[in-house]
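Presented below is the structure to which this report refers.
The values are calculated or read from the model by the stated rules, or taken from the named source; none is laboratory data. Bear in mind the structure is a predicted one, so any value in this text is a computation, not a measurement. Every residue, glycine as well, gets a Cβ built from its backbone with ideal geometry; the counts of neighbours run over all protein chains shown. Each accessible area value is taken on the protein alone, full model and side chains, heavy atoms only, with ligands, DNA and RNA left out. Shrake-Rupley method; radii C 1.70, N 1.55, O 1.52, S 1.80 Å.
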Amino acid sequence: MIEAPLQISLEAWDEAYESSGAFIGRETCYGGSLGRHVKDGNTRLKHLLFDNSFAALNLWNFLLTEEDRLYRARYEGKILVGTMKDLGTVPVIAYAFPDVVAFYPDGAWWIPCLMEADEELLSIADNLGVNDSFCPVRAMLGAFVSGEHFPVPDILVCSVGATCDDFSAIAQRVEGLGHPLLWWEIPHRREPGAREAAVALPGGTKACVDQVEAVMVELDRVICALSDKAGVKLTDSMLSESIVHANKVRACLMELRHVVFTAKTAPLPSLELLVAEMMGLHYCSDRREVLSVLSGLLETVKRRVDAGVGFQGPEAVKVFWVNPVADLRVMNMLEESGGRICGTEYLFTHALDLIPTDLPAREALARVALADPMAGSALDRAARICNDIEKFKAEAVIISRIPGASHCALEGEVIREVVAACKNVPVLEIDVPSMCDTFQETLQTRLGALVETVREQRKGR
Amino acid sequence: MFSVNTRLDTPKRVVFTSPFVPPEWIAAHGLVPWRKTSDGCHNGSGSSGAPVNVEAGVCSYMSSFINEVTSDPRTLAVILTTTCDQMRRGADLIRLRSRVPCFLMNIPSTCGTPQADALYQQELERLGKFCLSLGGKRAEPERLVSILLEYDINRRMVLSRQKELSAGDFARELQFFGESGKVRNEHDAGLSCARPSTEAVPVGFIGGPMTARQFDLFDVFADHGAEIVFNGTESGERAFPSRFDLRRITAEPERVLTEAYFSAIPDVFQRPNDRIFSWMEKEVAERRVRGVVFIRHVWCDKWHAELFRFRDALKVPLLDIELDGGRMNERTRNRIGAFMEGLR
Ligand code: SF4
Ligand code: SF4
């Protein structure tokens, strides 16, 4: 017998946790009730709905204890690498070294949401002249100054070039505060010319060989700096072993996404899937444990699918979601409106695609870095979204805009236009700030209207 | 062969606005380079059919530039650069909504590494091929040398005018040079040689690009008793290349251009961006500047984020002017008045 999947409140979770003995003996060192994270300041949790499985509890606990892991790593004398912007490539290199832990200070992006617009953090950024015309990543600047949300890394490595302006600008400010950064270049990925030597990248795009080679040289600079810091020379076999591990995580996520998107009824809410996908970036600072967390989730999801149980009924409208949401609450609103997630593109698909193993390790990673959706044209992004809409049979697309983000207005236009031209599905663009409470009703109405539109279309078929 | 627009009977132009695109290289390939200063009249919002028709969240300089060049029948092709995300995305919109050929030139953000130089040089090569695809011809060394010499001389000549001209007129002269590679004689230009009084307060400008309409700002400052002694905006002399090493030009033209443009022009997008701070501090000290005006556009993160550091780095007051594509409003005029009052 399998427990019926439900989305439950924090209170309900805590009650279930206290009253049931079901978790005894299954707990990890980071386990415990979810409610305790509210005491650490993550007050947004009080307004979210959570999947009621043990695997989901584990997922949340693992996510919300990352700071503890980082401080423990520092205490144990490990090297902390702050890897910035590239989303998924440098951690594979960093974790190839023994006693090195990599994390993304960029993760502070979610602090304004989780801590419900943490006034202190944002006011530090405001006082430094980085106001709300920038995206939520400005919280990272506040976090560097307050020193409260992550330990200051031993080395900071930041990709630049074909990146968003917000991040590049704010990272420069971090450096201006006295934190030296190793900048490495990812050139804008361009369509190879007719007579240019080109190679395939993970995810289906192409790059010319010159650009791949350029990124390899840049990654060499990163490898040198990390080797110096770690006092260990990185061998090809160490790097290959790290790629094998990364691929295990990616394969697990790939399967999870596939099962969730193709199941008759949704076996996992969109919020938990988003959290799981994010773990592919840097393993939430523990690359061994992340695999067990994600495998547990995958197992639960598969069991639900086999048992034919899920959230909502099969009538739920299949939605493809573009861009991460600054307010996690909005993902709950998708299910509340009668939608389910059937495809995602959160700007880090290159951290989900398998890393080629039939190439020299550095070259494989250079190709991954270039496959970053942000490094290329928004037309490439749109093309991949269209493919996945087809693959997962999504019936509608939601493009959530990130407040202040330099790329959103223009990219949103391109994606909307291409999807509208190629796929006969309605597209909704919504603005999602870090706290949506004040216009939750409007948002709910718009999501509801999208779901209704699809239902009407179904009748016509 | 030039691609000729018969209706206008003038050769069509290869249009760009970034200072990192060398016009000499385009001219050496037999095409007409046109470094355009946006007029600032066409910023897109509400102009249906324009490539950039986005209501909010975009830089008005980028949107007006793109809309102007793609709607101008004299445009043969447009070159955008990757120095900011907005321009990069602008290239996507051109590809999606316009038939004008668009070349997106990758300008590395890192600088001072052999790899960054190599990337810029590769882009020059690619730009050369793009010119050929537009009907241009190979850049023969002799022609390149003579074009470089001509540009170099004209560039020095136009820069030497700074002392004779009002800041507004000087900006317009730089604009004319950017568009044509030539220097007007005073008679043709109808320029006022009004020099500020000896009591004028030396003021410098730093920041992003200015549209032609926004050159009025200089006159407003002059009316308030300022003498603009340096123009460190993207429309000013800060964005000029250094002199070419002509001894090496035939042997390694791309390298010489890389040194003069990529390695020499200081800009805010560079990582790290110390060079632009050094440039400004030197100008402020040498010209005994008493106040600095910081020019940025709404939605331009790269300049906006650095405002604080510029203010911090300066020992003189700084006035932040945020431009939104429209004409200068009364409030800005009043702020300029108050700023100048404070400097006296
Ligand atoms: S949300 Fe967009 S603008 Fe902000 S850091 Fe992420 S990619 Fe950059
Ligand atoms: S003003 Fe800023 S955002 Fe606009 S084009 Fe220039 S660098 Fe880009």
Quiz prompt | Condition met for residue B:118 (open to solvent by 10 Å² or more (accessible area, probe 1.4 Å), over 19 Å from the mean Cα position of the chain (by Cα) and within 16 Å of ligand 2 (Cβ to nearest atom)) | solution = no
Quiz item: Just for the stretch A:157-181: of the residues that are at the interface with chain B (Cβ under 7 Å from one of its Cβ atoms) and out of contact with any Phe, Trp or Tyr (no Cβ under 8 Å at 6 or more places or on another chain), which one is nearest to ligand 2 (Cβ to nearest atom)?
Solution: A:165
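I need the full set of residues from the stretch B:283-320 which are of a type in the set (Gly, Ala, Ser) and within 14 Å of another protein chain (Cβ to nearest Cβ), in order please. Steps first, answer last, please.
Initial filter on the stretch B:283-320 (of a type in the set (Gly, Ala, Ser)): B:285, B:291, B:305, B:313.
If the condition is that a residue be of a type in the set (Gly, Ala, Ser) and within 14 Å of another protein chain (Cβ to nearest Cβ), then B:305, B:313 are the ones that fit.
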Quiz item: Of the conditions (1) at the interface with chain B (Cβ under 9 Å from one of its Cβ atoms); (2) away from ligand 1 (no atom under 13 Å from the Cβ); (3) more than 27 Å from residue A:64 (Cα to Cα); (4) not aromatic (Phe, Trp, Tyr), residue A:131 fails just one. Which one is it?
Solution: (3)
Quiz item: Do you know which residues across the stretch B:67-101 are closer than 17 Å to residue A:417 by Cβ, hydrophobic (A, V, I, L, M, F, W, C) and within 10 Å of another protein chain (Cβ to nearest Cβ)?
Solution: B:91, B:93, B:96
Practice problem: Give the residues of the stretch A:314-347 that are open to solvent by less than 10 Å² (accessible area, probe 1.4 Å) and either within 16 Å of ligand 2 (Cβ to nearest atom) or within 14 Å of chain B (Cβ to nearest Cβ) (or both), sorted by residue number. | Solution: A:323
Quiz prompt | Lone unmet requirement of (1) under 23 Å from residue A:39 (Cα atoms); (2) in contact with a strand residue (DSSP E or B) (Cβ under 7 Å, 6 or more places away or on another chain); (3) away from ligand 1 (no atom under 16 Å from the Cβ) for residue A:105 | solution = (3)
Quiz item: If we keep just the residues of the stretch B:121-150 that are within 10 Å of chain A (Cβ to nearest Cβ) and buried (at least 17 other Cβ atoms within 10 Å of the Cβ), which is nearest to residue A:210 (Cα to Cα)?
Solution: B:122
Exercise. Search the stretch A:182-195 for residues that are farther than 29 Å from residue A:229 by Cβ and pair each with any residue that is among the aliphatic types (A, V, I, L, M) and open to solvent by 30 Å² or more (accessible area, probe 1.4 Å) when their beta-carbon atoms are under 6 Å apart and the residues are at least 6 apart or on different chains.
Key: A:192/A:198
Quiz item: Does the stretch A:373-412 hold any residues that are of a type in the set (D, E, K, R), more than 15 Å from ligand 1 (Cβ to nearest atom) and either within 17 Å of residue A:190 (Cβ to Cβ) or free of Cβ contacts under 8 Å to residues at least 24 places away in the same chain (or both), and which are they?
Solution: A:380, A:384
Self-check item: Filter result (assigned to a helix (DSSP H, G or I) and more than 7 Å from chain A (Cβ to nearest Cβ)) within the stretch B:102-117
Solution: B:114, B:117
Quiz item: In the stretch A:408-436, what count of residues is obtained for those that are open to solvent by 10 Å² or more (accessible area, probe 1.4 Å) and either touching a helix residue (DSSP H, G or I) at 6+ places or on another chain (Cβ under 8 Å) or assigned to a helix (DSSP H, G or I) (or both)?
Solution: 16
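Can you tell me which of B:331, B:344, B:288 is out of contact with any His (no Cβ under 6 Å at 6 or more places or on another chain), open to solvent by 30 Å² or more (accessible area, probe 1.4 Å) and at pLDDT 95 or above?
The conditions single out B:288.
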Practice problem: From (1) in contact (Cβ under 8 Å) with a residue 24 or more places away in the chain; (2) within 16 Å of ligand 1 (Cβ to nearest atom); (3) open to solvent by 10 Å² or more (accessible area, probe 1.4 Å), pick out the condition that doesn't hold for residue A:362. | Solution: (2)
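Condition check: among the aromatic types (Phe, Trp, Tyr), within 28 Å of residue A:244 (Cα to Cα) and open to solvent by less than 40 Å² (accessible area, probe 1.4 Å). Does residue A:62 satisfy that? Quick ask: steps written out before the conclusion?
Details: among the aromatic types (Phe, Trp, Tyr): yes; within 28 Å of residue A:244 (Cα to Cα): yes; open to solvent by less than 40 Å² (accessible area, probe 1.4 Å): yes.
Spelling it out, residue A:62 is indeed among the aromatic types (Phe, Trp, Tyr), within 28 Å of residue A:244 (Cα to Cα) and open to solvent by less than 40 Å² (accessible area, probe 1.4 Å).
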Quiz item: On the given criteria, is residue B:288 free of Cβ contacts under 8 Å to residues at least 24 places away in the same chain and not in a strand (DSSP E or B)?
Solution: no
Self-check item: Counted residues, the stretch A:254-284 - those being open to solvent by 10 Å² or more (accessible area, probe 1.4 Å) and either under 30 Å from residue A:100 (Cβ atoms) or under 17 Å from the mean Cα position of the chain (by Cα) (or both)
Solution: 7
Quiz prompt | Sole exception among (1) within 16 Å of ligand 1 (Cβ to nearest atom); (2) within 10 Å of chain B (Cβ to nearest Cβ); (3) outside any loop (DSSP other than H, G, I, E, B); (4) out of contact with any Asp or Glu (no Cβ under 7 Å at 6 or more places or on another chain) for residue A:213, by number | solution = (1)
